[in-house]
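In what follows, a single structure is set out as structure tokens and then discussed.
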Amino acid sequence: MKKTYAVITGASSGIGMAFARQLAVEGYRLVLVARRENRLQALAEELKKSGTESMVITADLSEKEACYRLMQQLEPVPVGILINNAGFGDCGSFLETDAEKEMQMIDVN
Ligand SMILES: NC(=O)c1ccc[n+]([C@@H]2O[C@H](COP(=O)([O-])OP(=O)(O)OC[C@H]3O[C@@H](n4cnc5c(N)ncnc54)[C@H](OP(=O)(O)O)[C@@H]3O)[C@@H](O)[C@H]2O)c1
């Protein structure tokens with residue numbers, strides 16, 4: 001097991017979850033970040049079975065305060081890798097897309 005942690009935002013599904021599984025295989029300890037705590041806990045439990053230590057941090061990264069809080073929580077943690085993956089996309093005609101969703105996308109991404 002490596003001494004440093006890989007911090008993965010958006011670890012509760014998709015690409016972030018795949019990164020978590022791969023970095024666990026490579027021996028990293030993990031910090032799993034997203035909004036859906038149940039999914040992060042389930043992943044942490046799964047990876048624990050193969051010996052990976054994970055910290056679960058729930059945060060809505062569209063909120064500036066949550067980002068600052070995350071930075072504070074990570075201060076004592078030896079971070080080796082950051083996979084800054086949390087986010088989402090939207091598609092369709094610009095005039096027809098939901099402006100609020102667009103703004104939230106910019107905030108998260
Ligand atoms: N898949 C593609 O083809 C593709 C193409 C281009 C770019 N990307 C980008 O790659 C990243 C991962 O994509 P994916 O396909 O794996 O998407 P996904 O399965 O929808 O995963 C997105 C992850 O981001 C997290 N997330 C979303 N909003 C968040 C928020 N406000 N605060 C904290 N976490 C948040 C989600 O967790 P919670 O919902 O639990 O918070 C989830 O874990 C995204 O940034 C996406 O825009 C993907």
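Data for the structure
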{"quantity": "Residue count for the range 31-41, restricted to those that are surrounded by 13 or more Cβ atoms within 10 Å (Cβ to Cβ) and part of a helix (DSSP H, G or I)", "calculated": "4"}
{"quantity": "Contacts under 7 angstrom Cβ, first residue in the range 7-19 being part of a helix (DSSP H, G or I) and open to solvent by 50 Å² or more (accessible area, probe 1.4 Å), partner more than 6 Å from the ligand (Cβ to nearest atom) and of a type outside the set (Gly, Ala, Ser), 6 or more apart", "calculated": "Phe19/Ile8; Phe19/Ile83"}
{"quantity": "Residues of the range 61-84 satisfying the condition of being in contact with a strand residue (DSSP E or B) (Cβ under 9 Å, 6 or more places away or on another chain), open to solvent by less than 40 Å² (accessible area, probe 1.4 Å) and either assigned to a loop (DSSP other than H, G, I, E, B) or more than 14 Å from the ligand (Cβ to nearest atom) (or both)", "calculated": "Leu61, Leu74, Val77"}
{"quantity": "Members of the range 93-109 that are within 14 Å of the ligand (Cβ to nearest atom) and either among the basic types (Lys, Arg) or open to solvent by less than 60 Å² (accessible area, probe 1.4 Å) (or both)", "calculated": "Lys101, Glu102, Met105, Val108"}
{"quantity": "Failed item, numbered, when Asp90 is tested on (1) within 13 Å of the ligand (Cβ to nearest atom); (2) loosely packed, with under 11 Cβ neighbours inside 10 Å; (3) assigned to a loop (DSSP other than H, G, I, E, B)", "calculated": "(2)"}
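Each row is one residue, and each column tells you yes or no for (1) over 14 Å from the mean Cα position of the chain (by Cα); (2) β-branched (Val, Ile, Thr).
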{"position": "Leu40", "(1), (2)": "no, no"}
{"position": "Leu43", "(1), (2)": "no, no"}
{"position": "Thr52", "(1), (2)": "yes, yes"}
{"position": "Leu74", "(1), (2)": "no, no"}
{"position": "Gly92", "(1), (2)": "yes, no"}
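For every residue, the table says whether it meets (1) farther than 26 Å from Met105 by Cα; (2) open to solvent by less than 90 Å² (accessible area, probe 1.4 Å); (3) out of contact with any strand residue (DSSP E or B) (no Cβ under 6 Å at 6 or more places or on another chain).
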site: Arg29; (1), (2), (3): yes, yes, no
site: Glu46; (1), (2), (3): yes, yes, yes
site: Met55; (1), (2), (3): no, yes, no
site: Thr58; (1), (2), (3): no, yes, yes
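The values are calculated or read from the model by the stated rules, or taken from the named source; none is laboratory data. These numbers come from a predicted model, not from an experiment. Methodologically, a virtual Cβ is constructed for each residue, glycine included, from the backbone with ideal geometry; neighbour enumeration extends over all protein chains shown. Quick note on the areas: whole protein, heavy atoms, side chains included, nothing else; ligands and nucleic acids left out. Shrake-Rupley method; radii C 1.70, N 1.55, O 1.52, S 1.80 Å.
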